[in-house]
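The values are calculated or read from the model by the stated rules, or taken from the named source; none is laboratory data. Being a predicted model, the structure only gives us computed values, none of them experimental. FYI the Cβ positions are ideal-geometry reconstructions off the backbone, even for glycines, and counts take in every protein chain you see. To get the accessible areas, we keep the full protein, side chains included, count just its heavy atoms, and leave off ligands, DNA and RNA. Shrake-Rupley method; radii C 1.70, N 1.55, O 1.52, S 1.80 Å.
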Amino acid sequence: MGNSISRLLDSHLPWLLTLAVLYHSRQQATRASSLPSLLDLVLRRTGSSPAVNALARNAIGAYVMWKLWQWSKSVRMLYRLDKLELKNSLGGFAFRWLRLLPSVSSKLATEKVKLERELDESLKSQLKERRIQRLPEEGMADEELEAMMTTMSRREEPKWRSGRVSGGVYHGEDDHVRMLNKAAELFAVSNPLHPDVWPSVMKFEAEVVAMTASMLNGGDDRVCGLLTSGGTESIFLSCKAHRKQAREERGITEPEIIVPRTAHAAFDKACDVLSIRLIKVDVDPRTCMVDVAAVRRRITKDTIMIVGSAPQFPHGIIDPIRQLSDIARSNGVGLHVDCCLGGFVLPFARELGYDIPEFDFGLPGVTAISVDTHKYGYAAKGTSVVLFRDKALRHHSYFTYANWPGGLYVTAGMGGSRPGALSAACWASMVRLGRKGYLDATRQIMETTQEVRRGVEAIPGLRVMGDPKAMIVSFTSDRASPYHISDRMAKRGWSLNALQMPPCIHICITVRHFGRAHEFLDELRAVVEELEKEPAPPSGGTAPVYGMASSLPAGPIEEMLATYVDVVYTA
C-alpha cells in the first residue's frame, strides 16, 4: 500500500510515455494529411486487409481500455494513502532513480562502506575469539569448545542478569533455566514432523496449545491452535488463514487487512509475503488507542481482517477490542488480537483484580489470537501459539500437498522439520510454573510496572504515553529529546527501547526487574537533570539517526537497515 505511487510510476510510466509519443505523432500526422485517427495512420501504413485492420483496432482498443482500468485502480489506491505512505512512495521512487546517477551511486557506496565499518566495530567489539570462516581441518576438542562457549556466555551474562535490559529476557532465574535446559537436552534430537517417532513431542505441543486456549477461549470450547516458532509466524499464519478463507468463501482476490499504526511490524511482513494490501489507521495521540471510527470507515468489500493489540508494543496500550469486535461482526470480517505480549499476563492480572478490558474469545468478533509462550510464558526463545476460533479457520493455515513424488505432505505452519527440544522446554515451563506460578509472577510484574509508572510521572518534564495497563511504561519528554535520555541511560548500562512517531522510549518490565524499579528511577531522574543543565543538546547517539528517519522517505533508511543485517551475517 505504501509503495502504490512507486509501483504506479514504475509500471505505468513507460506506456504513458508511449501514448504521449503516439499522440504527438498523431498530431503531426493530422496536421500533415488530415488523417482521421492515429490507428488509421498506423494500419494504413501496414497495408493490412480491412478485416485485419478491424481486428487490430479492437485489440489495441481493448489494450488501452485495460491500461486505463489499471490506471484508475491505482488512482483509487492513491486516494487511500496517508501522508507517511505518500512520502515513502514518492521518496522511494525518486531514490531509485537518483541512485542511478554515477555521482550519487559513488557517494552511497562510500557511505555504505563507512557504515559497515562502524557497525562492525559497534556490534563485534566484545568478541575476542578468532573468527572462523571455514570448517576447521580437525574438529575442536570437546573441552576446548565448551571452554570457549562458556567464556562467551559468562561475558554476556551480567548485562541481562542485572535487570537493565528492557524485555529481552523475561525470566532467567537459575532453577527455571535449569529445567528448560534439561527438557531441551532430553529431546535434543526430536522433530515434531515425525510424531510416530516422537509421540512425546506431539503430546507437548498439543497440551501447550490446549493450556493456552483454556486461558483465552472465553468459554468457547471450539477454540484451537498451533505451536509456532514465534509471534511473527503466529501472525503470518493468521493472515494466511483469513486470506484463504476469504478467497474460498467470499471470492476475494485482492484482500485487505486494517491495522492500527502501532500494530507489530510482523503484519507488514506477512502482508508483504502474502500480497495482502495493508491499510494503516492512526491512533489517538492522547490515548494511543486505535481510532475505531477510522477503522470502520476504511472497511471495504475486500477487507478480510482487522487487528487490535492487547497490548501494543510501543506504548503498552490495549486497543478497544470490544468495539473492534462489534465492527468485525457487523461487517463479516475477521478480528485478530495480537496478545504476543499480554497473553500470559492479562488473564492473571484480571484474576488479581486489575482493570483489564475484554480482549479474548469471550468477545464474539474475535477470530484469532497470537500469544508468545517465549515471553511471559517464560519458555525458551522460539515458541509461540496462534489460536483460532474453530478448526475450520485453522485448516486454512495448513499447507497440504497431495501430488509430491516424495509422498503425501502436510505441515501445520511454515516450517517442516522443527526443534522438538523447544517444544519440550515450552511444555516444561508451563507445567513447572502452573497457574499459581503465573499468578505470582504477574502480581510482581504489575506492582513493578505501577511503581515505575508513578516514578516516571513524578519526574518533571516526563510524560507517560496513554494509560498502560500492564508490563510496559512508555514516556516522552517536553524538555529533552527522548533519544538523548535513552543514550545517556545506555551509558549507565540501561538498554531501553527507542520508539518513533512520536519520539519516546519505553521499558518492558520482566522478572529481571523485580526489586530494581528504584535503581531505574534514580538513574532516570539523574539523567533528565543532567540534560536540563547542559547548554546545548549532546551530539551523536540515536537522536540523529531517528531524526533522519523521520525526515527521509523509507527507501534510504531501509538501505541502512539492510546494511545492518549484512554486518550481522559477516563472519
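Looking only at residues that are assigned to a helix (DSSP H, G or I) and β-branched (Val, Ile, Thr) in segment 149-198, which one is nearest to residue 437 (Cα to Cα)? Quick ask: steps written out before the conclusion?
Going residue by residue through segment 149-198, those that are assigned to a helix (DSSP H, G or I) are 149-161, 174-186.
Right, trim to β-branched (Val, Ile, Thr) and you get 150-151, 177.
On the way: 150: 30, 151: 32, 177: 15 Å.
Going through the qualifying residues, I end up with 177.
Counting only residues that are under 16 Å from residue 235 (Cα atoms) and open to solvent by less than 10 Å² (accessible area, probe 1.4 Å), how many does segment 320-371 have?
Step one: filter segment 320-371 for residues under 16 Å from residue 235 (Cα atoms), giving 334-343, 360, 366-371.
Adding the requirement that they be open to solvent by less than 10 Å² (accessible area, probe 1.4 Å) leaves 334-337, 339, 342-343, 366, 368-371.
Adding up the residues that qualify gives 12.
Within segment 190-214, the set of residues being aliphatic (A, V, I, L, M), touching a residue at least 24 places away in the same chain (Cβ under 8 Å) and either touching a Phe, Trp or Tyr at 6+ places or on another chain (Cβ under 7 Å) or open to solvent by 50 Å² or more (accessible area, probe 1.4 Å) (or both) comprises 193, 201, 208, 211.
Conditions tested, residue by residue: (1) free of Cβ contacts under 8 Å to residues at least 60 places away in the same chain; (2) more than 30 Å from residue 262 (Cα to Cα); (3) open to solvent by 100 Å² or more (accessible area, probe 1.4 Å).
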position: 104; (1), (2), (3): yes, yes, no
position: 110; (1), (2), (3): yes, yes, no
position: 113; (1), (2), (3): yes, yes, no
position: 117; (1), (2), (3): yes, yes, yes
position: 122; (1), (2), (3): yes, no, no
position: 125; (1), (2), (3): yes, yes, no
position: 146; (1), (2), (3): yes, yes, yes
position: 155; (1), (2), (3): yes, yes, no
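Restricting attention to segment 266-319, and to residues there that are surrounded by fewer than 18 Cβ atoms within 10 Å (Cβ to Cβ) and under 21 Å from residue 506 (Cβ atoms), which single residue is farthest from the chain's Cα centre (by Cα)? Looking at the filtered set, the residue picked out is 286.
When residue 388 is tested against the conditions (1) open to solvent by less than 20 Å² (accessible area, probe 1.4 Å); (2) closer than 26 Å to residue 219 by Cβ; (3) more than 23 Å from the chain's Cα centre (by Cα), the lone failure is (3).
Criterion applied to 455, 461 was being closer than 30 Å to residue 485 by Cβ, surrounded by fewer than 20 Cβ atoms within 10 Å (Cβ to Cβ) and touching a Leu at 6+ places or on another chain (Cβ under 6 Å), and the one residue passing it is 455.
Condition test on residue 337, is it over 29 Å from residue 476 (Cα atoms), part of a strand (DSSP E or B) and among the β-branched types (Val, Ile, Thr)? Judged against the criteria, residue 337 is not a match. All of (1) at pLDDT 95 or above; (2) of a type in the set (Phe, Trp, Tyr); (3) open to solvent by 50 Å² or more (accessible area, probe 1.4 Å) hold for residue 170 with one exception: (3). Those strands (runs of 3 or more DSSP E) of segment 472-571 in which at least 2 residues are open to solvent by less than 10 Å² (accessible area, probe 1.4 Å), considering only elements entirely within it, cover 472-477, 504-508. List pairs: first in segment 241-269 and at pLDDT 95 or above, second open to solvent by less than 20 Å² (accessible area, probe 1.4 Å) and among the aromatic types (Phe, Trp, Tyr), Cβ under 6 Å, 6+ apart or cross-chain? From segment 241-269, the pairs are 259/267.
What's the total number of residues in segment 282-299 that are free of Cβ contacts under 8 Å to residues at least 60 places away in the same chain and more than 13 Å from residue 256 (Cα to Cα)? Before the answer, list the steps.
The first filter runs over segment 282-299 and keeps only residues free of Cβ contacts under 8 Å to residues at least 60 places away in the same chain, leaving 283-284, 290-297, 299.
Okay, now just the ones that are also more than 13 Å from residue 256 (Cα to Cα), so 283-284, 290-294, 296-297.
Adding up the residues that qualify gives 9.
Looking at this structure, is residue 409 in contact with a helix residue (DSSP H, G or I) (Cβ under 9 Å, 6 or more places away or on another chain) and of a type outside the set (S, T, N, Q)?
Values: in contact with a helix residue (DSSP H, G or I) (Cβ under 9 Å, 6 or more places away or on another chain): no; of a type outside the set (S, T, N, Q): yes.
No, not satisfied.
Hey, among 441, 424, which residue is in contact with a Leu (Cβ under 7 Å, 6 or more places away or on another chain), touching a residue at least 24 places away in the same chain (Cβ under 8 Å) and part of a helix (DSSP H, G or I)? Exactly one of 441, 424 is in contact with a Leu (Cβ under 7 Å, 6 or more places away or on another chain), touching a residue at least 24 places away in the same chain (Cβ under 8 Å) and part of a helix (DSSP H, G or I), namely 424.
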